[in-house]
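This report refers to the structure that appears directly beneath it.
Nothing in this text is a laboratory measurement; each read-out follows from the coordinates by a stated rule. Predicted model only: the values in this text are computed from it and were never measured. Counting neighbours? That spans all protein chains shown, and the Cβs are built from the backbone with ideal geometry, glycine included.
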Amino acid sequence: MKLSVIAPTFNERENIRALVEQVQDALPDMLYEIIIADDDSPDLTWQMAQEISARDPKVRVLRRTRNHGLGRAVMEGFTAAAGDIVACMDADLQHDPSVLPKMLEKLARGADVVIGSRYATGGSTGDWNWFRRLGSRLATMMARILLGVKLTDPMSGYFMMRRNDFLRVHPSLKGEGFKILLEVLVKLRPGAIEEVPYRFRRRLNGASKLSSKVVFQYVRQLWELAQLRQLLPARFIRFVLVGCTGIVVNLAAMALLLKLTDWRGWVASVVASLIANLNNYGLNNVWTFSDRAHRGFGLIKGYVSYLLMSTVGLGITTASYIGLAWTVAQFPLGKVDWNRLGIALFCQFLAIALGTFSNYILNKGVTWPGPARNDVHCAENLPFLNSGNTQTVAKAGFDCDPSSGQRPLL
Ligand code: GDD
Ligand code: MN
């Protein structure tokens, strides 16, 4: 047995017969099996599949009565597969089976994961309406930015890999929602990913199951996976939230001081900022960096360090603003004033983001220095990682800075 094609199904009764035929046409001289992983469909897809299976031993059926969901069905299919190579393919014939041989060839030449791509040169999304096209583009872009995946179609539901690689990451997969491929890629960190273009075909029978719930699940999944790669570490999020409380404290202190004292405005402003700064230090100490919290006299030293680093952060914000505003000023912008205000605010917003991030990095390194980081290498440095003796260089892969291990990038 060489290849196992896993087709997850939910109400695809009208499609599976043609699916089985088209896979057969695509792989005339191949040893393969098709596993229909059906979630106990109300339209009795599983029953139809069992009838086909009775006549064609290459077809196997998993009737899944529990643990429903596309991703989990694929995982169960991959686990039950008898082939050394497993492929995941929609059952509604939107994934063109005729590219299966090309995918197999790439795998044989050393790729670890081969992905059917609608967006690689030569591929297409077929006759999608603009709304679906835009949605897919947005989702693809989010995956590329958040996960650093350099692929044209990371959202693909059409892919192939070695079963052993799957089994290795299986325990860490959740399989929620539609994005099983993204999860596999993030957990496996394959050294060599290849893409094969194909034309996404029109669905002839049945309906799509891509609901708003699936979209919501996708966004959550991206978020979890991104955290996993430490692109957006929870610690940084806590730091930003503390910064937000600082704004409130600052404004409240300013209001109180102006009401209760006869100080001049700028004096009240400086004192309010110092109070907010103290608030931020305290919260960061007990929450953001609770695992490295200062105690006793360490608090005084810590606060001084925090104040100094925050001043540097302020300097970086100001310098960034000046740099950005200068750069923008080099372009002719027309005469509209609100346009200029908008641009100034946009520059200031970017400057605040840069300042906050520097602030975070500085305080993390100086005020709350942690234990030395483990040097985790990127997949690209390990061409032998998953593929036995292959030496194929990654065509597509993960963005990652080899010198930094899993450093937060944001
Ligand atoms: N077992 C099981 N359980 N199968 C399911 C489930 C489920 O809960 N939901 C959907 N499927 C099956 C469908 O029966 C079909 O064979 C396949 O998964 C894809 O589902 P569709 O509902 O046809 O998805 P789509 O065509 O809208 O989405 C396609 O494009 C997406 C990217 O834009 C798929 O290829 C997705 O995988 C892909 O992410
Ligand atoms: Mn479909």
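Brief remarks follow.
- Residues H95, H294, H170, H68, sorted so that the one with the fewest Cβ neighbours within 10 Å comes first: H68, H170, H294, H95
- In summary, the lysines within cross-link reach of K179, defined as a Cα separation below 30 angstrom excluding same-chain residues under 8 places away, comprise K2, K58, K102, K106, K150, K187, K209, K213, K395.
- Neighbour counts of C-beta atoms inside 10 Å place E183, E76 in the sequence E76, E183, starting with the fewest.
- Spherically averaged projected area of the convex hull of Cα atoms, region 1-112: 6.5 nm².
- Full-stretch length increase - D291, K174 - with 0.36 nm per residue and alpha-carbon distance subtracted: 39.3 nm
- Difference of contour (0.36 nm per residue) and Cα-Cα distance, S124 to Q50: 23.3 nm
- Computed from Cα atoms, the angle from the helix 298-329 axis to the main principal axis of the chain rounds to 80 degrees.
- Residues within the reach of a label modelled at I145 (point 7 angstrom out along Cα to beta-carbon, backbone nitrogen below 19 Å), restricted to region 182-217, are 215-217.
- Cut-off 18 Å (backbone N to label point 7 Å along Cα→Cβ of R132), residues of region 187-225: 198-216
- Summarising the amide proton neighbourhood of S117: residues at separation of 5 or more, or on other chains, whose placed amide H is nearer than 5 Å comprise V196, Y198.
- Amide H contacts of T9 (H built 1.01 Å from N, under 5 Å, at least 5 apart or other chain): A37, D38, D39
- Region 67-212, Rg to Rh (Cα coordinates; Rh as Kirkwood inverse mean 1/r): 0.93
- Per-residue Cβ neighbour rank within 10 angstrom, fewest leading, F357, F239, F216: F216, F357, F239
- Annotation for region 256-287 versus region 290-329: alpha-carbon center distance of 16 Å.
- Expressed to the nearest 5 percent, the antiparallel share of DSSP beta bridges inside the chain is 30 percent.
- Förster radius 51 Å - calculated FRET efficiency between V366 and V215 (Cβ-Cβ, nearest 0.05): 0.75
- Cα-based equivalent ellipsoid of the chain: semi-axis lengths in Å, sorted from largest, via gyration tensor: 52, 23, 21
- FRET efficiency, 1/(1 + (r/R0)^6) with R0 35 Å, evaluated for K102 and V328 via beta carbons: 0.15
- Bridgeable aspartates and glutamates around K301 (alpha carbons under 20 Å apart, same-chain partners fewer than 8 residues away excluded): D291.
- Counting only DSSP H runs of at least 4 residues, each contributing -39500 (n - 2.57), and dividing by the residue count of the chain, the helix-based mean residue ellipticity at 222 nm comes to -16000 deg cm²/dmol.
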